[in-house]
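Quick notes on the structure that follows.
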Amino acid sequence: MISYKPFWKYLKERNISTYMLIYTYGINSYTIDRLRHDKPLKTSTIDNICNRLHCDIPDVMMHEEDLYDEYTP
């Protein structure tokens with residue numbers, strides 16, 4: 001599963017609030033909500049976030065192993 005925990009850590013380390021994301025960096029509140037709930041985002045949205053915050057993909061997202069694998073017999 002994709003997790004956006006690194007994104008929230010990145011923001012905290014740089015004292016960037018969700019208010020600043022919207023009004024300073026121009027990131028849509030819908031996108032912030034999807035990040036907050038680990039919902040899927042398009043790669044173009046991730047690219048946009050990285051460009052606006054001057055960060056890299058590992059600063060935004062990471063892969064976590066699912067605890068339940070539905071394909072296990």
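The values are calculated or read from the model by the stated rules, or taken from the named source; none is laboratory data. This is a predicted model, so every value here is computed, not measured. Note: ideal-geometry Cβ built from the backbone for every residue, glycine included; neighbour counts use all protein chains shown. Just the protein is used for accessible areas: all its heavy atoms, side chains included, with ligands, DNA and RNA removed. Shrake-Rupley method; radii C 1.70, N 1.55, O 1.52, S 1.80 Å.
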Quick one: count up the residues across segment 29-64 that are part of a loop (DSSP other than H, G, I, E, B), open to solvent by 90 Å² or more (accessible area, probe 1.4 Å) and more than 15 Å from I2 (Cβ to Cβ). 2
All positions within segment 1-28 that are more than 21 Å from H63 (Cα to Cα), open to solvent by less than 30 Å² (accessible area, probe 1.4 Å) and touching a Leu at 6+ places or on another chain (Cβ under 7 Å): I27
